[in-house]
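K.L.:
One structure, as structure tokens, below. Some questions next.
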Amino acid sequence: NHIRTVDAFIQYRANGGKLHLVLSGKREDYRWPDYYKSVETLTNLCTQDVHDLGFLERKAQLSVLFAAKIVLQTSLYEGWSTTVEEGLVSGKVLVVSNLPVFIEQAKEERNIVFIDPLSIDSIFQGMCLAEKVNPLGRVSR
């Protein structure tokens with residue numbers, strides 16, 4: 001769901017958002033051979049603000065996680081997510097797809113914003129709200 005996430009991020013930055021977007025994951029998928037080219041085209045529109053790291057080894061994943069202010073998990077489908085677990089354990093604010101498995105995984109948490117992963121506007125609104133939430137789950141004004 002990188003394309004919708006980057007589209008939402010472009011809107012976020014156009015509306016005064018200050019954070020950067022760090023993408024990770026494999027850059028190829030046999031089901032959609034040209035998908036990454038589309039992601040790359042979008043990220044080139046905002047190269048100073050989007051950092052595409054590609055596939056990361058475990059140690060690098062944890063370094064990125066610990067440096068993050070917000071963790072985005074805009075998956076369209078997923079099983080139980082270690083990204084969500086690690087984000088929660090490390091006290092990060094999360095923007096997470098409203099998939100039933102994620103709701104079950106984090107329904108008791110206060111530092112989480114659930115979004116519709118098919119809606120660019122929902123992802124954008126989640127980014128904006130998450131930027132205002134501190135790790136204790138309180139919205140700053």
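The values are calculated or read from the model by the stated rules, or taken from the named source; none is laboratory data. Model, not experiment: these values are computed from the prediction. Note that each Cβ is placed from the backbone with ideal geometry, even for glycine, and that neighbours are counted across all protein chains shown. Heads up: the accessible areas ignore ligands, DNA and RNA and are worked out on the full protein's heavy atoms, side chains in. Shrake-Rupley method; radii C 1.70, N 1.55, O 1.52, S 1.80 Å.
K.L.:
Which residue out of Val101, Val89 is among the β-branched types (Val, Ile, Thr), out of contact with any Pro (no Cβ under 7 Å at 6 or more places or on another chain) and at pLDDT 90 or above? Step through it out loud before you land on a result.
P.N.:
On the way: Val89 fails: at pLDDT 90 or above.
Result: Val101 is the single residue among Val101, Val89 that is among the β-branched types (Val, Ile, Thr), out of contact with any Pro (no Cβ under 7 Å at 6 or more places or on another chain) and at pLDDT 90 or above.
K.L.:
Something else now. Looking at the stretch 26-37 only, could you name the residues that are open to solvent by 100 Å² or more (accessible area, probe 1.4 Å) and among the aromatic types (Phe, Trp, Tyr)?
P.N.:
Those that are open to solvent by 100 Å² or more (accessible area, probe 1.4 Å) and among the aromatic types (Phe, Trp, Tyr): Tyr30, Trp32.
K.L.:
Which ones in the stretch 38-60 are over 23 Å from Asp121 (Cα atoms) and either open to solvent by 50 Å² or more (accessible area, probe 1.4 Å) or over 15 Å from the mean Cα position of the chain (by Cα) (or both)? Even if it seems obvious, please write down each step before you answer.
P.N.:
Kept after step one, since they are over 23 Å from Asp121 (Cα atoms), are these residues of the stretch 38-60: 53-60.
Of everything in the stretch 38-60, those that are over 23 Å from Asp121 (Cα atoms) and either open to solvent by 50 Å² or more (accessible area, probe 1.4 Å) or over 15 Å from the mean Cα position of the chain (by Cα) (or both) turn out to be Leu53, Phe55, Leu56, Glu57, Arg58, Lys59, Ala60.
K.L.:
What pairs can you find where one residue is in the stretch 78-97 and under 21 Å from His2 (Cβ atoms) and of a type in the set (Ser, Thr, Tyr), the other is part of a loop (DSSP other than H, G, I, E, B) and open to solvent by less than 50 Å² (accessible area, probe 1.4 Å), and their Cβ atoms are less than 7 Å apart, with a gap of 6+ or different chains?
P.N.:
Short answer, once both residue conditions are applied: Ser97/Thr74; Ser97/Ser75; Ser97/Pro117.
K.L.:
For Gln61, state whether it is of a type in the set (S, T, N, Q), at pLDDT 80 or above and within 23 Å of Leu129 (Cα to Cα).
P.N.:
Here the answer is no, as Gln61 does not meet what is asked.
K.L.:
Okay, next question. Regarding Ala106, is this residue under 15 Å from Val22 (Cβ atoms), among the hydrophobic types (A, V, I, L, M, F, W, C) and either at pLDDT below 90 or more than 14 Å from the chain's Cα centre (by Cα) (or both)?
P.N.:
Values: under 15 Å from Val22 (Cβ atoms): no; among the hydrophobic types (A, V, I, L, M, F, W, C): yes; either at pLDDT below 90 or more than 14 Å from the chain's Cα centre (by Cα) (or both): yes.
Criteria not met by Ala106.
K.L.:
Name every residue in the stretch 13-35 that is more than 29 Å from Val133 (Cα to Cα) and more than 17 Å from the chain's Cα centre (by Cα), in order of residue number.
P.N.:
Going through the stretch 13-35, the residues more than 29 Å from Val133 (Cα to Cα) turn out to be 26-35.
Glu28, Asp29, Tyr30, Arg31, Trp32, Pro33, Asp34, Tyr35 - these are the residues of the stretch 13-35 that are more than 29 Å from Val133 (Cα to Cα) and more than 17 Å from the chain's Cα centre (by Cα).
K.L.:
With respect to the numbered conditions (1) at pLDDT below 85; (2) surrounded by 13 or more Cβ atoms within 10 Å (Cβ to Cβ), which one is the sole condition not fulfilled by His20?
P.N.:
Every listed condition holds for His20 apart from (1).
K.L.:
How many residues are among the small types (Gly, Ala, Ser) and surrounded by 13 or more Cβ atoms within 10 Å (Cβ to Cβ) if we restrict to the stretch 61-76?
P.N.:
The initial filter retains those residues of the stretch 61-76 that are among the small types (Gly, Ala, Ser), namely 63, 67-68, 75.
From what is left, the residues that are surrounded by 13 or more Cβ atoms within 10 Å (Cβ to Cβ) are 68, 75.
Summing the residues that are among the small types (Gly, Ala, Ser) and surrounded by 13 or more Cβ atoms within 10 Å (Cβ to Cβ) in the stretch 61-76 gives 2.
Yes/no matrix, rows are residues, columns are (1) more than 13 Å from the chain's Cα centre (by Cα); (2) open to solvent by less than 10 Å² (accessible area, probe 1.4 Å); (3) over 22 Å from Lys26 (Cβ atoms):
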residue	(1), (2), (3)
Glu78	yes, no, no
Val84	no, yes, no
Gly87	no, yes, no
Ser90	yes, no, yes
Val96	no, yes, no
Pro100	yes, no, yes
Ile112	no, no, yes
Asp121	yes, no, yes
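K.L.:
Same structure again: Against the condition under 24 Å from Asp116 (Cβ atoms), surrounded by fewer than 16 Cβ atoms within 10 Å (Cβ to Cβ) and among the β-branched types (Val, Ile, Thr), how does Ile3 come out, does it pass? Walk me through how you get there before you give the answer.
P.N.:
Numbers: under 24 Å from Asp116 (Cβ atoms): yes; surrounded by fewer than 16 Cβ atoms within 10 Å (Cβ to Cβ): yes; among the β-branched types (Val, Ile, Thr): yes.
The answer is yes for Ile3.
K.L.:
List pairs: first in the stretch 16-36 and over 22 Å from Asp49 (Cα atoms), second outside any loop (DSSP other than H, G, I, E, B), Cβ under 9 Å, 6+ apart or cross-chain?
P.N.:
If the second residue must be outside any loop (DSSP other than H, G, I, E, B), the pairs left are Glu28/Tyr35; Glu28/Tyr36; Asp29/Tyr35; Asp29/Tyr36; Trp32/Ser38.
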